[in-house]
Amino acid sequence: MPVVTYEEKDDGQLVTLIVESDRAALEALYGRYSAPIFSLAMNMLRDQGAAEEVTQDVFFNVWRRAASYREQRGKVTSWLFSIAHHRSIDEVRRRRRQQTHVQFGVDLSNRPSTDGVDPVEYATSRSDRGHLDKALSTLRPEQRDVVVLAYFKGLTHTEIAKQLDQPLGTVKTRIRLALRKMRGVLGPEVWESAEHGL
Amino acid sequence: MDCKEAENLYEFYILGALDSDGRSLMDSHLETCDACNERLQQDGETMIRLAYAVPQLAVPERVQQALFSRVDADLQPSRRIGVGARLTMLWKGAGHTLATSPGAAAASVLLVGLVFGGLWFDSRMNRVSTENEALRGRLESVSQSLSDLESVNQSLSARLESVVERDTELAQMVAAQQDLAYEALRFNTQSLSLLRGQGQAWKARGMMMVSQSEPRAVLLTLNLPPLPDDKAYQVWLISGGRVYDGGLFRVDSTGFGKAVIIPDVPFSEIEALGITVEPAGGSHGPTGANVLKGDL
């Protein structure tokens, strides 16, 4: 009988093993998804130490709460990235409440005081035109703003409405239209290494 | 929360724009509602792809080490045998023997005596065993506390290492700034132009000081990312809609750079300055990412 290695098991099988406290199964899941989760946290937090902590917390959460995964709610990746995104958002909001400002170097120009580079500017001005630029640049500016403010900047819907000076209903419509457009733009080629959930 | 309320908050939930209370309510609703879950699955895929679309980075090894220290501390086996279960089994065995003829009753009395004697002895043994298990439990608890402390210690050591690294980086930046201030004081300056970082080099800063006595300027930069050997920073001078080559320069490991600029046109005619990333030998015109710019 051929031996199936952990690398050959799909994500659902790994989670089932993690429920049984299988450490090697968690190692395999970590090997698959730690990089994109860390990258997402870095993109949102712009702080390596915080991103490392978030990554560690996400997988320890998976270790402790693997039994809470429900197949009917979607793939393991949806569950996992939802945990990661929520954890990152919670950290973004916690830092905003603390209003931590770190600024290096001599401020030789009249640069407005913020807690980091503007995500829209960062997302659209990088020299390497990646998938993120491609996805966001296909959105109308008002749709792009709500996606960035919500997904990357961690603002709540009321904060977004207040910042953009728009009603909640308008913000909701812009998100809906942005989601519809991104479904088509962010095709399978973006997601090259996450086939194990199938 | 019912489906109508969930429908109202769905878009905000999918992008993470609900506060923690709203998110908890949606999570609870999705535990039981198949219709809402089906819609969530499709958009969940899009959100995963959005996460993958950000620049992908390698995870430092220490993250895995710290994680599995916590996991190992969490993996502490423990087993206990109930004394009550043992007594119940003995009593059931004795009761079966008593349900027989008188002749067997005498034997049963003897047997009961033996059983109770055995029970008493077993009880003593159980008490010793219980005390032994209690001590073992306390020992395990202390071991676990030690493991937890070790895990916390490792995590703190990793964080301390990170802080020390950042501290060193800060000290280098401060030293570079002091060099820049010294150069500015030393140079016989006619005019001073400030440059601001662009795009990925948003932290960069620059200063161009035009000489009062000679047709040249000194350019100083801070916080520009060091480049690989096949790349260099190139200065561009913009005048009358045309772009002039201002020369190439490199930065040190702290991002501090210095260049002398001797332009083909008078400084009085130069309107703006930009710096881009180009091949090591330079380019005829700007081709790479703009990292610094400013008006003269």
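The values are calculated or read from the model by the stated rules, or taken from the named source; none is laboratory data. Since we're looking at a predicted model, the values are computed, not measured. Neighbour counts run over all protein chains shown; Cβ positions are idealised from the backbone, glycine included. Just so you know, the surface numbers come from the protein's heavy atoms only, side chains and all, with ligands and any DNA or RNA stripped out. Shrake-Rupley method; radii C 1.70, N 1.55, O 1.52, S 1.80 Å.
Some observations on this one:
- For B:Val152 and A:Arg70, a Förster radius of 30 Å and the Cβ-Cβ distance give a FRET efficiency of 0.40, rounded to the nearest 0.05.
- Solvent-accessible area lost in complex, 50 Å² minimum, residues of the stretch B:28-49 relative to chain alone, 1.4 Å: B:Glu31, B:Gln41, B:Glu45, B:Thr46, B:Ile48, B:Arg49
- Inter-chain neighbour count for B:61-69: the average number of beta-carbon atoms from partner chains within 10 Å of each residue's beta-carbon is 5.
- For the segment A:31-44, counting C-beta atoms of other chains within 10 Å of every residue's C-beta and taking the mean gives 5.
- In this simple spin-label approximation, A:Arg180 and B:Leu192 carry label points 7 Å from Cα along the Cα→Cβ vector, and these lie 5.5 nm apart.
- Approximating the spin labels as points 7 Å out from Cα along Cα→Cβ, the B:Tyr244-to-B:Leu25 distance works out to 6.6 nm.
- Interface area, chains B and A: about 6800 Å² of buried accessible surface, summed, with a 1.4 Å probe and ligands, DNA and RNA left out.
- Checking the cross-link pairs A:Lys134/A:Lys162; A:Lys181/B:Lys203; A:Lys172/B:Lys203; A:Lys134/B:Lys4; A:Lys134/A:Lys172 against a 24 Å limit on the alpha carbon distance flags A:Lys134/A:Lys162; A:Lys181/B:Lys203; A:Lys172/B:Lys203; A:Lys134/B:Lys4 as lying beyond it.
- Between B:Cys3 and B:Arg166, the simple label model (points 7 Å from Cα in the Cβ direction) yields a spacing of 4.8 nm.
- Straightening the chain between A:Asp90 and A:Glu20 buys 22.3 nm, computed as 0.36 nm per residue apart minus the Cα-Cα spacing.
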